[in-house]
1. What does the extension gain come out to for residue 73 and residue 52, with contour length at 0.36 nm per residue minus their alpha carbon separation?
2. When only DSSP loop residues count, what trypsin sites (Lys or Arg not before Pro) in segment 16-118 have their Cβ near at most 16 other Cβ atoms within 10 Å?
3. Separation between the residue 59 and residue 7 pseudo-spin-labels, each 7 Å from Cα along Cα→Cβ, expressed in nm?
4. Note the angle between two axes, namely the Cα long axis of helix 15-26 and the longest principal axis of the Cα atoms of the chain, as a number of degrees from 0 to 90, rounded to the nearest 10.
5. What is the distance, in nm, between label points placed 7 Å from the Cα along the Cα-to-Cβ direction at residue 82 and at residue 122?
6. Based on the alpha-carbon set only, what is the convex hull volume of the chain divided per residue, in Å³?
7. By a straight-distance test (C-alpha under 22 Å), which lysines pair with residue 42 as possible cross-link partners, with residues fewer than eight away in the same chain excluded?
8. From the backbone phi of segment 97-105, what are the Karplus-calculated ³J(HN,Hα) couplings (6.51 cos²θ - 1.76 cosθ + 1.60, θ = phi - 60°) in whole Hz, Gly and Pro given as x?
Amino acid sequence: YMLSFNHFNFNVLDLDRSLAFYKQALGLTPVREKEAEDQSFKLVYLADAANSPFQLELTWLRDRKEPYNLGECEFHLAFTADDFQAMYEKHKAMGCICFENPAMGIYFISDPDGYWIEIVPAKG
């Protein structure tokens with residue numbers, strides 16, 4: 001048997017705000033959606049510009065009002081940047097960089113709900 005990664009989920013409080021952030025910060029765009037018949041939840045799957053098979057699923061729950069408890073936030077997604085410096089400057093201007101590790105040549109951004117996303121340079 002063989003398995004391949006399909007998607008990872010982040011629950012979000014404000015779907016429009018999150019969709020705008022992921023488009024601006026990472027160029028991710030919706031590729032499919034699912035909404036409950038009673039509108040109690042909505043799922044939006046995002047894909048990258050390279051059309052990788054892996055997707056990010058954003059889940060919005062209508063009745064959720066309080067922020068999600070992310071614990072110690074000891075988990076993250078990682079993206080490879082083909083132009084690391086340009087991406088760094090973009091994220092710096094957006095004010096979303098939450099941690100930098102120059103010794104490892106990486107940094108992290110934080111989305112509107114506090115999820116961390118690692119940005120790594122393409123191997124040259």
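1. So the extension gain works out to 5.1 nm.
2. For trypsin sites (Lys or Arg not before Pro) across segment 16-118 that sit outside H, G, I, E and B with at most 16 neighbouring Cβ atoms in 10 Å, the list reads 62, 64, 65.
3. 1.1 nm
4. Long axis of 15-26 versus the principal axis of the chain: about 20 degrees.
5. Result for the modelled spin labels: 0.5 nm.
6. Values: hull volume 18.0 nm³, N = 124.
Normalising the Cα hull of the chain by residue number yields 145 Å³.
7. Output for residue 42: 23, 34, 65.
8. Residue by residue, segment 97-105 yields 6, 10, 7, 10, 10, x, 4, 8, x Hz.
The values are calculated or read from the model by the stated rules, or taken from the named source; none is laboratory data. This structure is a prediction, so every number in the text was calculated from the model and none was measured. Using ideal geometry, Cβ is built from the backbone for each residue, glycine included, and neighbour counts are taken over all protein chains shown. Side chains included, ligands, DNA and RNA excluded: accessible areas come from the protein's heavy atoms. Shrake-Rupley method; radii C 1.70, N 1.55, O 1.52, S 1.80 Å.
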